[in-house]
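Single-structure report; data block below.
Since every read-out is calculated from the coordinates, none of them should be taken as a lab result. Computed from a predicted model, the values in this text were never measured in an experiment. Quick reminder, even Gly has a Cβ in these numbers, built from the backbone with ideal geometry, and neighbours come from all protein chains shown.
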């Protein structure tokens with residue numbers, strides 16, 4: 001009881017410090033800073049996100065009432081032009097996770113070294129625009145696809161899931177890569193031909209280390225998981241041209257339908273395990289990041305009669321790598337072994353702005369999606385962490401949001417995600433905009449799932465939380 | 001005695017006539033300041049949108065009309081003359097035989113004609129706006145009941161329109177071919193401020209076919225992708241302001257989606273010659289107004305769930321066909337919002353050395369129920385006095401497209 005009270009005390013202390021820092025840093029300037037007639041333009045924000053848990057962590061890394069998040073971020077977006085055809089842009093981001101310092105008695109301190117603070121130029125790129133042809137070189141994000149929340153076509157950049165899983169905006173958790181993107185738009189049916197080449201920069205998806213809130217306890221036994229993270233870092237490929245990834249997308253509007261086809265030759269950003277008698281002790285495991293191919297397409301169609309936009313996306317992964325427990329020929333026991341399986345996934349969705357009678361004069365944006373994934377040629381030896389059915393996954397999402405007040409002062413939203421195997425998420429959110437540059441967003445996560453392995457949301461079913469994001473932008 | 005009675009009666013009648021003069025239609029003379037104390041003397045020249053503003057404290061001077069500032073580019077006038085007597089309204093309410101210019105001259109509009117309202121609507125829709133417009137900067141100032149302001153802004157080529165059909169002054173004329181899908185115009189609108197919306201862009205294609213809904217795409221910066229939007233978005237709030245996308249410059253919807261009725265004509269006070277940014281008192285704009293002859297039209301949406309139950313507009317009878325004043329009713333029959341359009345004449349041509357063209361680049365929408373308003377201003381001149389709104393500057397279809405959103409929308 002005393003511990004809980006202490007955790008709550010730290011929560012309020014943390015929140016107050018976060019608010020104070022953000023307001024202290026509130027800039028007198030409210031507009032973008034511009035120098036030399038567009039030669040340099042600066043924008044950005046200070047932000048604090050402070051959250052508190054509703055439940056004890058499944059592995060008791062933290063207790064009900066402890067901080068789940070206390071992250072302060074400074075982001076600076078810079079852009080400008082060297083000439084009418086050559087422009088540049090980028091993002092610098094620095095962050096500090098305060099909960100390990102503020103709640104050091106209750107929060108597991110193991111992730112502290114890796115998850116305390118960081119600062120880097122996340123993105124920096126040059127763009128040369130020659131009319132229909134443009135080339136963008138540098139560290140950047142490239143987004144494909146029509147899905148919200150799911151990533152079938154949006155696979156060029158890996159994700160950083162370590163600090164708040166999939167809940168931040170994807171642009172804040174995509175890991176930018178050094179790449180070249182060549183776009184050709186011949187002004188025919190809005191056609192866009194986009195070629196991407198990532199010659200050497202390979203980054204693994206970033207997962208939460210043991211002791212962190214979003215450590216997925218159900219995937220593997222504690223200890224082994226942390227060892228897996230260690231192995232991932234140890235075995236992560238060096239920067240070399242052998243990492244080459246590349247792809248092509250064709251996108252256009254034909255007969256009123258937005259269509260795209262894409263192909264991406266990808267190195268898996270999550271590892272598969274390989275047991276080998278010659279591998280380093282003690283586990284004799286090695287992490288591998290095999291290549292696979294993804295090919296797919298998307299469509300978006302607006303139906304005027306129903307005022308509804310229908311969206312779809314599908315992907316076929318050829319030789320998608322998995323870890324399987326296969327009997328070792330010498331030892332005669334099942335050991336982790338990389339295997340390749342073809343995977344087919346699709347998403348169908350709709351978006352419809354609808355007048356519900358309230359708020360007056362404002363539509364509510366209603367959106368739904370169904371997502372299904374099939375592992376073809378599946379067998380029981382596969383280790384598939386987030387799927388209840390070993391060969392199939394079905395997830396439904398529903399989103400409704402609207403705006404209230406002048407300047408969209410209030411934006412309430414409700415997101416529901418449901419894995420038909422019996423796990424889910426309800427996420428209510430309210431954004432309040434105090435002025436052009438100051439906003440606060442209150443969000444809660446209510447998760448449920450099975451105790452045993454399986455289901456997209458199940459590993460995190462004890463991570464219910466509420467968090468406040470306070471942002472001051474310029 | 002009888003003579004005295006007659007004299008008395010005559011004197012009484014004369015007095016009554018004299019007394020009644022001030023409440024008869026009195027046109028305010030240039031120099032008159034109209035405000036809360038004297039507006040009733042001039043109510044014949046005022047509309048509910050203007051009266052509501054005066055009751056909120058608006059006062060403004062009356063000036064002489066400057067019709068030369070409302071003259072369209074020369075090609076538009078010639079095209080209108082060529083059209084004369086040829087344009088008709090088809091069975092679906094569509095415009096037949098229109099090529100360019102004003103569809104219906106004032107003489108073709110008759111109060112008894114059941115199609116007169118639709119004719120005015122088409123005149124307004126195809127009014128002279130230049131064959132293209134490139135408006136650099138805009139600021140939408142949202143003023144709440146306490147006077148606190150919020151802003152939405154565009155900084156760089158923030159509003160682009162290219163007419164594909166009905167071109168009158170710049171080649172190719174009258175239509176940019178090939179145009180197999182019957183596009184009437186292309187439009188891009190971008191938002192650069194505040195930070196949370198920076199990079200948001202909207203690309204709209206409007207077709208000539210009244211049955212074909214607009215195609216709309218938006219670049220959503222937080223998603224970093226272009227998203228197809230529903231046509232219903234046109235009825236939603238324009239960036240949290242007090243108008244919808246269909247309300248841009250009074251009425252930016254599709255005439256075929258409404259049943260139109262010409263309900264009268266009125267000479268009213270309007271902002272013919274104004275400069276932006278306006279000197280404001282909250283959302284009230286005390287700019288000078290001059291008298292202009294207008295048609296009064298009513299638009300009832302055909303779609304049941306449309307955001308408004310009814311819209312009334314005062315549309316200039318001249319070539320400019322500007323919707324000077326407008327108001328909308330909600331589904332409970334209450335007067336919901338009122339608004340006013342202001343003209344700032346701009347020079348046309350790539351070098352801005354051509355004649356004036358009509359450009360209603362500022363307007364106000366006031367929500368009477370919520371007691372707040374938004375002033376929409378596209379800046380005609382930058383801080384150095386250089387013209388920053390261009391008409392007929394030579395935009396081409398290459399400057400529009402879904403890919404343009406992706407390229408320009410990057411933060």
Here the tail fraction of P(r) beyond 15 Å, over all Cα-Cα pairs of region A:384-474, rounds in percent to 64 percent
Descending packing, highest mean Cβ count within 10 Å first, for A:119-129, A:413-423 is A:413-423, A:119-129
Counting every C-alpha pair in region A:107-230, the percent lying more than 19 Å apart is 59 percent
With region A:197-329 reduced to its Cα atoms and the Debye formula applied, log10 I(q)/I(0) at q = 0.09, 0.16, 0.17 1/Å amounts to -0.42, -0.95, -1.01
One computes Rg over Rh for region B:84-222 from alpha-carbon atoms, with the Kirkwood Rh, and obtains 1.06
Under the 7 Å Cα-to-Cβ spin-label approximation, residue A:250 and residue B:408 lie apart by a distance in nanometres of 2.8 nm
Across A:185-194, the residue-averaged tally of Cβ atoms belonging to other chains within 10 Å stands at 4
Mean other chain Cβ within 10 Å across A:351-364 is 5
Counting all Cα-Cα pairs in region B:322-411, those more than 16 Å apart amount in percent to 69 percent
Both in Å, the radius of gyration and Dmax of the C-alpha trace of region A:366-405 are 16.0, 55
One finds, for residue A:110 and residue A:130 with R0 = 35 angstrom and r their Cβ-Cβ distance, a FRET efficiency to the nearest 0.05 of 0.10
A convex hull over the alpha carbons of chain B yields, per residue, a volume in Å³ of 173 Å³
Compactness check, chain A: C-alpha Rg relative to the 2.2 N^0.38 Å globular estimate gives 1.02
Across B:99-108, the residue-averaged tally of Cβ atoms belonging to other chains within 10 Å stands at 0
Helix B:74-83 sits off the longest principal axis of the Cα atoms of chain B, rounded to the nearest 10 on a 0 to 90 degree scale, by 80 degrees
With Rg from the Cα atoms and Rh as the Kirkwood inverse mean 1/r over Cα pairs, region A:276-328 has an Rg/Rh of 1.37
Taking B:84, B:126 and counting other beta carbon atoms within 10 angstrom, the fewest-first order is B:84, B:126
For region A:2-473 the mean separation of alpha carbon contacts under 8 Å (6+ apart) over residue count, i.e. relative contact order in percent, is 12 percent
Rh_Kirkwood(region A:32-73) over Cα pairs, Å, one decimal, evaluates to 13.2 Å
Gyration tensor on Cα atoms of region A:257-390, a ≥ b ≥ c root eigenvalues, a/c under 1.5 rounded, else prolate if a/b beats b/c, else oblate, says prolate
Rounded to whole angstroms and listed largest first, the alpha-carbon spread of the protein assembly as shown along its three principal axes comes to 136, 65, 50
Per-residue ellipticity at 222 nm attributable to helices in the protein assembly as shown (runs of n ≥ 4 DSSP H, -39500 (n - 2.57) apiece, nearest 500 deg cm²/dmol) works out to -3500 deg cm²/dmol
Relative contact order in percent for region A:387-474 (Cα pairs under 8 Å, 6+ apart) equals 24 percent
